[in-house]
Amino acid sequence: MEKNLENKLALVTGASRGIGAAMAIRLAREGASVIVNYAASPARAESVVDEIRRAGGKAEAVKADLSTLEGVNDLVDAVDSVFEGAFNGRLDILINNAGTVDFGPFLESSDDSYDKHFNLNVRGPIELTKKLAPRMLKAGWGRIVNISSAFGEAAPMAGVTMYIATKFALHGFTRGLSRELGPHGVTVNGIQPGPIATELAPQPGTPGYDANKALTSVGRYGKVEEIAAAAAFLCSTEASFVNGENLTVDGGWNA
Ligand code: NAP
């Protein structure tokens, strides 16, 4: 049976661990050839690539620091050369996932907090999309998925203000761009994960962990695979009538 994403090239940013790694593995399972982007953890990115290849899939790791415009440009260049140029500059799926957060009161945040959050969480996805979406328009088909957050439309707890500001921005970018690309066969959607068990989220034993867990109605943190399942749907051919949606996958955290 033909897989849903056979012959598609997908790029997942920040895919060396956590949600990004799970999405890369899932898209590869659906048949896509996957670019596994990372900035600082080559061994982890290679282990994601190995896992995909062992399962019979196709993947290549590409280092690029997406908090810098140089890194964005490096990644764009890499799209042409990966898989020995087999896709002739085409890119079918872009998942803007790489992100960062500092916890703590806004008035005590460091002087570089704005740049740290906005460069990676907002400018990176926007600049990467601007450079790569024309390839999708040329092909007349594409899927862009921006990983925002349940904090992208609500603020049920204190101490994450700068992060919330970036995720609201990404939410808005998704909705605005969907209007422009939708008519050309390219959908632009977001996912708003609730608390997911990764290194980025508050860890067990911390007050933040317990508060997050209590806010869900299912009484637990989510698994990275649960976000990957949502991403696989939004990237599928079946999701052709879903556009401008920020899909909340949060165990009822924001209900
Ligand atoms: P994570 O476990 O910390 O993983 C972050 C990934 O981003 C890693 O692969 C990391 O690779 C990469 N990365 C970090 N800085 C980068 C940079 N400058 N350029 C390129 N890649 C970079 O985080 P996660 O929990 O999976 O989060 C993924 C996304 O989901 C983020 O946008 C986050 O805001 C969002 N989200 C997470 C949760 C949650 O509860 N976990 C909830 C809502 C939304 P390197 O180490 O190699 O740099």
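The values are calculated or read from the model by the stated rules, or taken from the named source; none is laboratory data. Since we're looking at a predicted model, the values are computed, not measured. Every residue, glycine among them, receives a Cβ derived from its backbone with ideal geometry; neighbour counts consider all protein chains shown. Only protein heavy atoms, including side chains, enter the accessible area calculation; ligands, DNA and RNA are left aside. Shrake-Rupley method; radii C 1.70, N 1.55, O 1.52, S 1.80 Å.
What to note about this one:
- Pair list, Cβ under 7 Å, 6 or more apart: segment 40-58 residue within 16 Å of Met23 (Cα to Cα), other residue of a type in the set (Ser, Thr, Tyr) and open to solvent by 90 Å² or more (accessible area, probe 1.4 Å): none
- Every condition in (1) part of a strand (DSSP E or B); (2) within 13 Å of the ligand (Cβ to nearest atom); (3) more than 15 Å from the chain's Cα centre (by Cα) holds for Glu60 except the one numbered (2).
- The set of residues in segment 108-128 that are within 14 Å of the ligand (Cβ to nearest atom) and open to solvent by less than 60 Å² (accessible area, probe 1.4 Å) comprises His117, Phe118, Asn119, Leu120, Asn121, Val122, Gly124, Pro125, Ile126, Glu127, Leu128.
- Qualifying residue in segment 216-226 (condition: of a type in the set (D, E, K, R), out of contact with any Gly (no Cβ under 8 Å at 6 or more places or on another chain) and farther than 19 Å from Arg17 by Cα): no
- For Arg44, the test of being within 21 Å of Ile196 (Cα to Cα) and either open to solvent by 10 Å² or more (accessible area, probe 1.4 Å) or assigned to a loop (DSSP other than H, G, I, E, B) (or both) is passed.
- From the options Ala158, Ala255, Ala165, residue that is modelled with pLDDT of 95 or more, part of a loop (DSSP other than H, G, I, E, B), farther than 20 Å from Gly18 by Cα and over 14 Å from the mean Cα position of the chain (by Cα): Ala158
Residue by residue, here is whether (1) among the aliphatic types (A, V, I, L, M); (2) in contact (Cβ under 8 Å) with a residue 12 or more places away in the chain; (3) part of a helix (DSSP H, G or I); (4) out of contact with any Lys or Arg (no Cβ under 6 Å at 6 or more places or on another chain) holds:
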{"position": "Gly172", "(1), (2), (3), (4)": "no, no, yes, yes"}
{"position": "Gly205", "(1), (2), (3), (4)": "no, no, no, yes"}
{"position": "Phe233", "(1), (2), (3), (4)": "no, no, yes, yes"}
{"position": "Gly244", "(1), (2), (3), (4)": "no, yes, no, no"}
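- Failed item in (1) open to solvent by less than 30 Å² (accessible area, probe 1.4 Å); (2) away from the ligand (no atom under 15 Å from the Cβ); (3) touching a residue at least 60 places away in the same chain (Cβ under 8 Å), with Met136 passing the rest: (3)
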